[in-house]
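To start, the structure itself, in structure tokens.
Here, each number is a calculation from the coordinates, and none is a lab measurement. Because the structure is predicted, anything quoted here is derived from the model rather than measured. Positions of Cβ are backbone-derived with ideal geometry, glycine not excepted, and every protein chain shown enters the neighbour counts.
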Amino acid sequence: MEKPRFILSESLQQSRRHFISGIAAIAGGQALLSIPLISKAVPFIPAFETYTVAQVMDKFINEVPGGREKDTVDTLKSGSPDSQITGIVTTMFATIEIIRKTISLGANFIIAHEPTFYNHEDDVSWLKGNPVYEYKADLLKQHHITVWRNHNYIHNMVPDPVTTALVTQLGWTRYADKGEKGLCTLVKIPAMSLKDLIGYLKQKLGVEMVRYIGDPVQSCSTLFIAPGGAGLIKQVGGAAFYHPDVLICGELQEWETAEYVRDARAKGENLALIILGHIASEEAGSVFMLNWLKDRFPSIKSVHIPAGNSLSFL
């Protein structure tokens, strides 16, 4: 049974108004909608009701095949499931910068795809006394910000929304293998050179530079896409099974997949590798999360704020 909705208190009404007025100030009012996946601009609806964090989480989890997991990393990293939501920010990482922007909007709920405290399980036992961890944890606590990591649950949906959203953002939906429903997917595009493919990916994803292995003039048509940190087995397994021209991944261990591709080329295979970066390859999934919220909870003020790349290039 769905929990009862609550009439907004005056303080919550003020927070909602703060959220709306603050949106244009974040990133010049442009970066929030910088990812072309967003299909429509949903106008903010005058708020007369609110929901708790638990209601939003439960709604999403109930739509996932298999439902709630007993052992999962998709837990609250701060805050309370009973918090009444004043606004939601979706993002890849709940960085200190994202937290500050959330505060400035008057929002109090961040849905992040990746860890908040620097390791997959968000184990903070080893961070006690660390000044960066303590500053971040105190910032969340002082401003009553709830952070939920939605990683496994979103990847467990069929088809995987993160991969589907990436393929959509790249304009390759009609080229994707309809049999692929998981984290990785096979795409067969009109042939282009590796150099042109890299340029296309950079333009579509807003990536400054990528690392790659291969001949810039080689022809590329069959692509195996493994976004995020899919790992050695999925990356190499997919390359060995599908024999693509290019393996496109988010990130990798340099001593694993990259060395496999180097040896494959030395053996005579025409396998290239493009490393997009973890965030660039999965950011579209956080935009999917925003659109999901707008469809299911239109009265909640929600916005996507890109976390951006933590790394720069010289």
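Computed values, structure above
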read-out: Computed FRET value (nearest 0.05) for E97 with K59, which takes r as the C-beta separation and R₀ as 25 Å; value: 0.30
read-out: Amide H contacts of S193 (H built 1.01 Å from N, under 5 Å, at least 5 apart or other chain); value: C220
read-out: Summed residue charge, Cβ within 14 Å of G67's Cβ, Lys/Arg positive, Asp/Glu negative; value: -2
read-out: Projected label distance in nm at S125 and K141, using a 7 Å step from Cα toward the beta-carbon; value: 1.9
read-out: 5 angstrom amide H check on S83, placed H, neighbours 5+ away; value: V53, A54
read-out: Cut-off under 5 Å, modelled amide H: who pairs with K301 long-range; value: I88
read-out: Anisotropy class of segment 197-248 from Cα gyration tensor, a/c 1.5 cut; value: oblate
read-out: Loop-located trypsin sites (Lys or Arg not before Pro) in segment 46-110 whose Cβ has at most 12 other Cβ within 10 Å (DSSP); value: R68, K70
read-out: Vicinal HN-Hα couplings computed from phi for segment 145-151 (Karplus, 6.51 cos²θ - 1.76 cosθ + 1.60; Hz; Gly/Pro x); value: 8, 9, 10, 10, 8, 10, 10
read-out: Contact order normalised by residue count of segment 73-182, Cα under 8 Å, 6+ apart, percent; value: 32
read-out: Cleavage-rule hits, trypsin sites (Lys or Arg not before Pro), segment 137-193, DSSP coil, Cβ neighbours within 10 Å at most 14; value: K178, K181
read-out: Tensor-based shape of segment 62-123 (alpha-carbon gyration tensor, a/c under 1.5 rounded, otherwise prolate or oblate); value: oblate
